[in-house]
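Everything below concerns the one structure shown next.
The values are calculated or read from the model by the stated rules, or taken from the named source; none is laboratory data. None of these values were measured; they are calculated from a predicted model. When we count neighbours, we look across all protein chains shown, and the Cβ atoms used for this are built from the backbone with ideal geometry, even at glycine.
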Ligand SMILES: Cc1cc2nc3c(=O)[nH]c(=O)nc-3n(C[C@H](O)[C@H](O)[C@H](O)COP(=O)(O)OP(=O)(O)OC[C@H]3O[C@@H](n4cnc5c(N)ncnc54)[C@H](O)[C@@H]3O)c2cc1C
């Protein structure tokens, strides 16, 4: 009856289902969660679109992807300009002239460059042995202490001196008074929330969606019944972890409604000191310039991942990449299964990248 089973209604699975239906194919989409959209899911609370799985800002340099996503929903002009709160001191991110002016009172780019060079020189680090040394060698001690150290240690759950230097290959520094976090040509937030995009993608009558349905409850039956499967769950789980478990970083979200119109004046505030247990607070209404009388905030806590937890960020270190290679090799012998998305390909994808990856899979499938 169906041409495809799509496991996972996130962006990868939904783009694939949409494109398959456009070509007249019948598709069944299942998801173990009670809603569509995977991690880009937004839920309306007090008239505000709440990003349930962390702040999502769409940004890309790829005109084709920008036009593709705009075919489903209109985007607003939101520009990501997070601020850092270090023990009550506020600094602009990414590191730019506003940040340097606040830190040292410097006015011109030349003065800022001179100050950073002086700071770096005072430490004489030639071959950084850990993340702390790497960061200081790139940006100097002041920026490191106030804006990098505490945040990074909370994120990784380890001291910066115990973290490998390669985690921070570079720290973007901008010698202009520009608080726009991304360098991409296009960015914004879908008006009405991300869930709307997925609803549009899955609205064809050739697509049936079944929620609260875990692939592994009926794996053998699905494999026998469907001619082709697009699988966007964890690749190691598909193979019953036979080579070992791929690792992730996880997160915990605490969301609350606040009887106040404007809680922090910005969508994203990073807490860069070590004492505050969360890494950031998101105030969702600011993504869409909301004027509601109440507000909704989410505190984001980094969390060690263990099997069974929600896997957010693949740990793409050498050990895990090697393990993934083994699974990928095994997956290549399954001709009727496409492994896709951040869990199926064990790779951190931004949204524009996951759309591009899904469209590549589509092109290959329907060539
Ligand atoms: C905290 C955070 C912030 C982010 N911020 C941004 C941002 O600002 N900008 C940006 O571009 N990108 C951002 N991203 C990345 C973005 O979330 C991903 O690019 C995108 O969600 C990936 O889509 P996907 O379809 O690969 O995976 P997912 O969205 O994870 O979808 C996979 C789906 O498969 C389902 N599934 C898994 N296993 C099974 C199973 N066994 N049976 C049935 N269903 C199953 C899951 O429930 C899920 O719905 C962020 C990611 C995180 C974690």
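Observations on the model:
- Residues of the stretch 52-78 that are closer than 17 Å to residue 281 by Cα and touching a strand residue (DSSP E or B) at 6+ places or on another chain (Cβ under 7 Å): 52, 54, 55, 57.
- Selected residue (only one of 57, 65, 36, 30 is under 21 Å from the mean Cα position of the chain (by Cα), buried (at least 21 other Cβ atoms within 10 Å of the Cβ) and within 16 Å of the ligand (Cβ to nearest atom)): 36
- Unique residue being at pLDDT below 95 and either more than 15 Å from the ligand (Cβ to nearest atom) or surrounded by 12 or more Cβ atoms within 10 Å (Cβ to Cβ) (or both) when the list is 117, 43, 89: 117
- Summed over the stretch 237-256, residues that are within 14 Å of the ligand (Cβ to nearest atom) and either in a loop (DSSP other than H, G, I, E, B) or closer than 14 Å to residue 337 by Cα (or both) total 5.
- Residue within the stretch 324-340 that is more than 28 Å from residue 17 (Cα to Cα) and modelled with pLDDT of 95 or more present: no
- Where strands (runs of 3 or more DSSP E) sit wholly within the stretch 275-367, those with at least 3 residues that are more than 25 Å from residue 12 (Cβ to Cβ) occupy 280-283, 295-304.
- Among the residues of the stretch 249-273, just one is in contact with a helix residue (DSSP H, G or I) (Cβ under 9 Å, 6 or more places away or on another chain) and modelled with pLDDT under 95, namely 249.
- The stretch 178-235, subset in a helix (DSSP H, G or I) and near the ligand (Cβ under 9 Å from one of its atoms), residue surrounded by the most Cβ atoms within 10 Å (Cβ to Cβ): 215
- A search for C-beta distances below 6 Å between a residue of the stretch 215-227 that is without any contact (Cβ under 8 Å) to a residue 60 or more places away in the chain and any residue that is near the ligand (Cβ under 10 Å from one of its atoms) and outside any helix (DSSP H, G or I), counting only pairs 6+ apart in sequence or on different chains, returns nothing.
- In the condition set (1) modelled with pLDDT of 95 or more; (2) within 12 Å of the ligand (Cβ to nearest atom); (3) farther than 26 Å from residue 283 by Cβ, residue 301 is compliant with all but (3).
- Residues within the stretch 228-269 that are closer than 14 Å to residue 6 by Cα and out of contact with any strand residue (DSSP E or B) (no Cβ under 8 Å at 6 or more places or on another chain), tallied: 1
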